[in-house]
1. Leaving ligands, DNA and RNA out of it, report the carbon-plus-sulfur percent of the accessible area of the range 1-51 at a 1.4 Å probe.
2. Where nothing but the Cβ of Lys and Arg (+1) and of Asp and Glu (-1) is charged, how large is the charge dipole of the chain around its Cα centre, in debye to the nearest 20?
3. Below 11 angstrom from the Cβ of Ala141, what's the summed charge of the other residues (Lys, Arg +1; Asp, Glu -1)?
4. Any chance you could run the full-extension gain for Ala40 through Asn91? It's 0.36 nm times the residue separation minus the Cα-Cα distance, nm to one decimal.
5. Using only Cα atoms, locate the centre of the range 1-50 and the centre of the range 177-195, then give the distance between them in Å, rounded to an integer.
6. Cα centroid distance between the range 200-266 and the range 107-123, in Å?
7. Quote the relative contact order of the chain in percent (integer), defining contacts as alpha-carbon pairs under 8 Å separated by 6+ residues.
8. Using the Karplus equation 6.51 cos²θ - 1.76 cosθ + 1.60 (θ = phi - 60°), what ³J(HN,Hα) coupling, rounded to whole Hz, does each residue of the range 64-71 give in order, writing x for Gly and Pro?
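The values are calculated or read from the model by the stated rules, or taken from the named source; none is laboratory data. Note that the structure is predicted; figures quoted are calculated from it, not measured. Don't worry about glycine lacking a Cβ; one is built from the backbone with ideal geometry, like all the others, and counts go over all protein chains shown. SASA here: full protein model, heavy atoms, side chains in, ligands and nucleic acids out. Shrake-Rupley method; radii C 1.70, N 1.55, O 1.52, S 1.80 Å.
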Amino acid sequence: MTVFSVGQARITRIEETYLPTYRTRDLFPEFSDEIEARHAHWLAPSHYDSATGMIKLSVHSWLLQIGGKKILIDSCCGNNKIKPGRPFWTNLNTNYPERLATAGARPDEIDLVMCTHLHHDHVGWNTLQRDGRWVPTFPNARYVFSKPDFEYFQTLDTDPKTAPAEMGTFRECVLPIVEAGRADLVTGPHRLDEHIEIVPAPGHSAGHVVFKLESGGARAVFIGDVFHHLLQVYYPHWNFPKNSDAEQARASRRMVLELCASSGALTLPGHVGAPFAGRIETSGAGFVPRFG
Ligand SMILES: [Zn+2]
């Protein structure tokens, strides 16, 4: 189990999957033999699968325990869901709930669920199907969603040309939470409490946010999908193919990299491979990751 300490906070990675996913050049057309050679010393085996030429991505939640609260950040894909074009995340049958319990949180103990954005691989465990209805998995939790993201996906979900949004997960994993009165829709920047601030970082999705944590003078930033892979720290203009606004995604990536580098924050992405979190440092006009 991967655990980090930031001041009084304890942060545990809850793994759903950690697999080779996309062919590297399909994800990043800029990836060349020369770039592969330059970065070969750190890419495999944690971030690249040499046998298949595929990028390795983790899907995980972060369990944040601070001030007696148990906060789940992003809730992965969930079990038994069909994900067209994503065989590695289709029809999963993981023991994610048991892993969460082992890390110290049964479903009824979670106080807050916070989603950096409302893509299908960040909302999956928000709900469970019970008696044919989608109900909150975490019965005592408030759920914090970005209001701009909610409105963006609601529009897609009500337009017959784009519905159902996010492969149906908007209807299954987001809307039922709002209808149950468990959601807090926030517009950033927004201070949640003495430790946590919500900061807009749009582009990958329309209302993507990051969560800044401060405890005892130590800092962390949960960055969601501002970057998916450490190659994007070296090459911040490389976008993951799926974005609501490609240029905005690049601008947000630079903003968050600068924020992480200037504050010395522990940087916790949503999909980067082992050791899963680390620091960002400036290097000339650019950035380098110090992960492990
Ligand atoms: Zn994601």
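1. 49 percent
2. The dipole of the chain has a size of about 320 debye.
3. Net local charge, Ala141 excluded: 0.
4. Fully extending the segment from Ala40 to Asn91 adds 15.1 nm.
5. Taking the Cα centre of each part, the range 1-50 and the range 177-195 sit 30 Å apart.
6. 18 Å
7. 16 percent
8. Coupling constants for the range 64-71: 9, 10, 7, x, x, 9, 10, 10 Hz.
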